[in-house]
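Since the structure comes first, as structure tokens, the remarks are kept for the end.
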């Protein structure tokens with residue numbers, strides 16, 4: 001079993017792509033697995049903490065202001081810049097424009113530490129920013145939602161963020177206890193085994209996430225190609241820009257993780273706050289955004305190794 005998990009870890013990028021393809025080509029299976037998405041994401045968070053001790057993610061309490069500053073820049077600075085650009089070109093009220101702003105305003109993806117591992121980076125900074133970004137999300141959404149009232153009530157997002165933070169605390173606490181109780185998990189062999197489980201869980205999750213994208217791709221709907229182009233440009237563009245900016249200086253070792261969280265955000269938190277018609281219209285955008293997310297290790301891996 002351990003050897004099998006090590007094999008999954010070695011072939012992690014390919015396994016994620018296979019999960020993506022299965023989700024697209026088997027829409028019936030994807031729909032049946034959709035109810036498992038949230039429990040699997042919580043389990044994925046537990047595995048991330050099992051892989052990297054959450055207490056070591058911050059290293060020193062003096063790191064907290066820097067982590068908060070990074071989260072604020074990503075969750076306030078980037079979406080406000082996008083709002084200005086989209087307003088200038090007259091695309092602020094479009095579904096694609098709304099989706100772009102939501103992506104940039106969101107906290108890091110729950111699975112971002114796992115993506116960082118698969119891309120060959122240190123997952124600790126991703127875990128640190130996941131916790132920090134989720135914790136301050138109720139505050140960072142206020143200016144964005146004020147400028148774009150189409151998003152609905154910011155207190156709904158604040159409540160969802162608080163619930164997610166509670167889940168992070170529970171999963172993180174259990175993960176820390178299990179990691180420190182089992183010496184095997186602190187060895188290189190144990191870490192690789194956890195990497196294999198993370199790979200398998202992420203591949204299963206993406207099958208359910210693709211339930212709305214598969215039928216659109218199979219039907220060759222016109223909107224899906226423009227949406228895919230926008231989400232891939234946004235995701236990989238944000239990652240490449242962050243990696244380029246942070247590749248030198250004190251953030252060099254953290255650059256891969258920070259680049260990955262720059263492009264991969266937790267859009268699901270906003271669904272409960274959006275008006276019903278806006279949320280329904282964004283389902284295709286959210287589904288398409290899973291494509292660059294799950295291609296991140298394959299695309300970013302060579303750049304991380306070069307760095």
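Since every read-out is calculated from the coordinates, none of them should be taken as a lab result. Every value quoted in this text rests on a predicted model; they were computed, and no experiment measured them. Cβ sites come from the backbone with ideal geometry, for glycine too, and all protein chains shown count toward neighbours.
Here are the numbers for the structure shown:
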quantity: Inter-site label distance for residue 177 and residue 240 at 7 Å from Cα along Cβ, in nm; calculated: 4.6
quantity: Listed residues 49, 15, 178, most fluctuating in the chain (Gaussian network, C-alpha, under 10 Å); calculated: 178
quantity: Cα-based Kirkwood hydrodynamic radius, the chain, one decimal, Å; calculated: 19.4
quantity: Efficiency of FRET between residue 3 and residue 31 - r from beta-carbon atoms, R0 51 angstrom, step 0.05; calculated: 0.90
quantity: Helical contribution to [θ] at 222 nm, DSSP H n ≥ 4, -39,500 (n - 2.57), averaged over the chain, rounded to 500; calculated: -25000 deg cm²/dmol
quantity: Burial ordering of 89, 260, fewest other beta-carbon atoms within 10 Å first; calculated: 89, 260
quantity: Computed label-point distance, nm, for sites residue 139 and residue 281 using a 7 Å Cα→Cβ extension; calculated: 3.3
quantity: Gaussian network model of the chain, springs between alpha carbon atoms under 10 Å - residue of 277, 223, 63 with greatest fluctuation; calculated: 277
